[in-house]
1. Please work out the FRET efficiency for the pair K101 and L25, using the Cβ-Cβ distance as r and a Förster radius of 41 Å; give the result to the nearest 0.05.
2. With axes computed from alpha carbons, what is the tilt in degrees of helix 97-108 against the longest principal axis of the chain, rounded to the nearest 10 within 0 to 90?
3. Taking the Cβ-Cβ separation of Q81 and S143 as r and a Förster radius of 41 Å, what is the calculated FRET efficiency to the nearest 0.05?
4. If you roll a 1.4 angstrom probe over the protein chains with everything in place, what fraction of the accessible area of the stretch 16-118 belongs to carbon and sulfur, to the nearest %?
5. When the chain is fully extended, how far beyond the present Cα-Cα distance does I162 get from D130, taking 0.36 nm per residue of separation?
6. If amide H atoms are built 1.01 Å from N in the plane of the peptide, which residues on other chains or at least 5 residues away come under 5 Å of the amide H of A62?
7. Helix 2-20 sits at what angle to the longest principal axis of the chain, using alpha carbons and giving 0 to 90 degrees rounded to 10?
8. For the chain, what is one quarter of the convex hull surface built on the Cα atoms, given in nm²?
Amino acid sequence: HGSDTVNRVLRANPVFEAFGNAKTLRNDNSSRFGKFTQLQFDVEDTSYANLNGRAIPSCLLAGSKCITYLLEKSRVVSVSQGERTYHIFYQLLEAPNEIKKDIWEEGLVGASTADFNYLSTSSAQEHGFDSGEEWIETVDALSTFGIKGDAFFDVMRSLCIILQLGNLTFEPEVVYGEERSSISSIEA
């Protein structure tokens with residue numbers, strides 16, 4: 001019971017880093033969110049500890065509660081030159097092709113950062129990052145929390161939708177005197 005709880009608390013970090021950290025000009029792994037983690041312990045009764053000759057009761061990690069706040073949402077759609085958006089997007093591009101095929105065959109297999117406006121200012125293989133190795137760690141951590149199978153593919157497809165939305169262009173046009181917009185997608 002205790003070791004499973006400890007494992008889950010520790011496995012949360014790769015998920016938070018993948019979905020909440022990005023490269024900035026000052027820091028390659030900058031947290032773009034706030035996180036408050038409350039650890040919950042099962043503390044032994046003091047009288048029981050005293051009966052067993054211990055002045056200090058033992059305690060086991062029983063759970064945790066994590067609250068995140070102030071996610072820098074604008075980083076998804078706009079980063080400065082030399083910066084990167086959230087690590088998960090680059091990890092997704094470095095996933096094995098058989099997994100990318102299951103997620104979004106037409107858009108991910110063979111894709112690079114250059115194929116997506118939101119990622120085009122940087123590379124998945126940028127110095128100091130091993131997005132492929134981080135992908136494996138993130139997928140493993142997600143499964144610890146039950147995000148696997150259909151739920152996993154839903155999350156990854158949602159990320160693909162975000163990437164594809166960045167490739168849409170909106171152009172004003174006038175048809176028969178009426179203002180409209182035309183929407184098109186950049187071909188990868």
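1. FRET efficiency, K101 to L25: 0.70.
2. Long axis of 97-108 versus the principal axis of the chain: about 30 degrees.
3. Efficiency computed from Cβ-Cβ geometry: 0.70.
4. Carbon and sulfur together cover 51 percent of it.
5. Using 0.36 nm per residue and subtracting the Cα-Cα distance, I get 9.3 nm.
6. Those lying under 5 Å, H to H, from A62 are Q40, F41, D42.
7. Roughly 20 degrees, rounded to the nearest 10.
8. 15.6 nm²
The values are calculated or read from the model by the stated rules, or taken from the named source; none is laboratory data. Owing to the predicted nature of the structure, the values given are computational and were not obtained by experimental measurement. Methodologically, a virtual Cβ is constructed for each residue, glycine included, from the backbone with ideal geometry; neighbour enumeration extends over all protein chains shown. To get the accessible areas, we keep the full protein, side chains included, count just its heavy atoms, and leave off ligands, DNA and RNA. Shrake-Rupley method; radii C 1.70, N 1.55, O 1.52, S 1.80 Å.
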